[in-house]
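K.L.:
My questions all concern the structure below.
The values are calculated or read from the model by the stated rules, or taken from the named source; none is laboratory data. Keep in mind the model is a prediction, meaning the values are calculated, not measured. FYI the Cβ positions are ideal-geometry reconstructions off the backbone, even for glycines, and counts take in every protein chain you see. Keep in mind that these areas ignore ligands, DNA and RNA; they rest on the heavy atoms of the full protein, side chains included. Shrake-Rupley method; radii C 1.70, N 1.55, O 1.52, S 1.80 Å.
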Amino acid sequence: LSGRYRKRTLVVCVLWFCGYFVNYGISSWLPTIYGARFHLDLSDALLYSTVTSCAGFLGCLVVALTVDRIGRRHTVTWCLGGAALCLLLLGLFAGGSASSVLIWTSLSAVFFFGANICLYLYTPELFPTRMRALGTSLGGAVNRLGVILGPIVVGAVYAGGALGTVFVTLAAVALVGAVTAGVAAEETS
């Protein structure tokens, strides 16, 4: 946490936190939202949630095929920015039906899964071999905070009955990640 590695470590921690806060905030609550808000039966709610995750897998493939041309910093910035935009539009305009939630969460998953898969490549490249495991582990540890806090925050916001606010909150976290990557991340490619 000293010298030029302090900034890198802080940026990595913010990116991992934001990416996985959004990922698990959505993934853990979608079946409940589909069932409670839109009255889908359990199998349909799980199917809709699975479609969103499969869309995220598509994002991983796109990033895997393009990250070397686009660069790590741009990939994370644009992916988290795309996720933020999709979630914001969902939260403000499109949360009225299960199908609109399915479409917009699937689009956002393409982006946030893409950002998250890129972090596995990007993080180790920021640190020399002698400290690579430590730097990557710190990002992974903060990732776990996002994994824990994302569902808790979404649950607290959703308990108030404000579905749009859930997606706007997730959009705000994704935007923090996008701005952090765009302003403070170093390119390694």
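K.L.:
Please determine whether any residue of the stretch 26-48 is β-branched (Val, Ile, Thr), in a helix (DSSP H, G or I) and modelled with pLDDT of 95 or more. Full working, then the answer.
P.N.:
Just the residues of the stretch 26-48 that are β-branched (Val, Ile, Thr), to begin with: 26, 32-33.
If we keep only those that are in a helix (DSSP H, G or I) too, we end up with 26, 32-33.
So of that shortlist, the ones also modelled with pLDDT of 95 or more come out as none.
No, the stretch 26-48 has no match at all.
K.L.:
Scan the stretch 169-189 residue by residue and report those that are open to solvent by less than 10 Å² (accessible area, probe 1.4 Å) and farther than 12 Å from Val76 by Cα.
P.N.:
The answer is Leu170, Ala171.
K.L.:
Now for a different question. Between Phe113, Phe57, which is touching a residue at least 60 places away in the same chain (Cβ under 8 Å), of a type in the set (Phe, Trp, Tyr), closer than 21 Å to Gly150 by Cβ and in a helix (DSSP H, G or I)? Spell out the reasoning first.
P.N.:
Numbers: Phe57 fails: touching a residue at least 60 places away in the same chain (Cβ under 8 Å).
Unique residue meeting the criteria: Phe113.
K.L.:
Have a look at Gly81, Gly95, Gly114 and point out the one that is modelled with pLDDT under 95 and either among the small types (Gly, Ala, Ser) or open to solvent by 20 Å² or more (accessible area, probe 1.4 Å) (or both).
P.N.:
Details: Gly81 fails: modelled with pLDDT under 95; Gly114 fails: modelled with pLDDT under 95.
One residue alone meets the criteria, Gly95.
K.L.:
Do we find that Thr165 is surrounded by 17 or more Cβ atoms within 10 Å (Cβ to Cβ) and farther than 20 Å from Leu58 by Cβ in this structure?
P.N.:
Details: surrounded by 17 or more Cβ atoms within 10 Å (Cβ to Cβ): no; farther than 20 Å from Leu58 by Cβ: yes.
Here the answer is no, as Thr165 does not meet what is asked.
K.L.:
Do we find a residue being over 20 Å from Ala156 (Cβ atoms), within 19 Å of the chain's Cα centre (by Cα) and of a type in the set (A, V, I, L, M, F, W, C) anywhere in the stretch 31-43? If you could, list the steps in order and put the result at the bottom.
P.N.:
Let us first name the residues in the stretch 31-43 that are over 20 Å from Ala156 (Cβ atoms), namely 38-43.
If we keep only those that are within 19 Å of the chain's Cα centre (by Cα) too, we end up with none.
So far as the stretch 31-43 goes, no, none of its residues is over 20 Å from Ala156 (Cβ atoms), within 19 Å of the chain's Cα centre (by Cα) and of a type in the set (A, V, I, L, M, F, W, C).
K.L.:
Show the residue pairs meeting these rules: Cβ distance below 6 Å; 6+ apart or different chains; first residue within the stretch 167-189 and in contact (Cβ under 8 Å) with a residue 40 or more places away in the chain; second residue surrounded by fewer than 16 Cβ atoms within 10 Å (Cβ to Cβ).
P.N.:
Going by the 6 Å Cβ cut-off, the qualifying pairs are Thr188/Glu125.
K.L.:
Determine whether Ala55 is modelled with pLDDT of 95 or more and either of a type outside the set (Val, Ile, Thr) or surrounded by 15 or more Cβ atoms within 10 Å (Cβ to Cβ) (or both). Explain how you work it out, then say what you get.
P.N.:
Working: modelled with pLDDT of 95 or more: yes; either of a type outside the set (Val, Ile, Thr) or surrounded by 15 or more Cβ atoms within 10 Å (Cβ to Cβ) (or both): yes.
For Ala55, the condition - modelled with pLDDT of 95 or more and either of a type outside the set (Val, Ile, Thr) or surrounded by 15 or more Cβ atoms within 10 Å (Cβ to Cβ) (or both) - is met.
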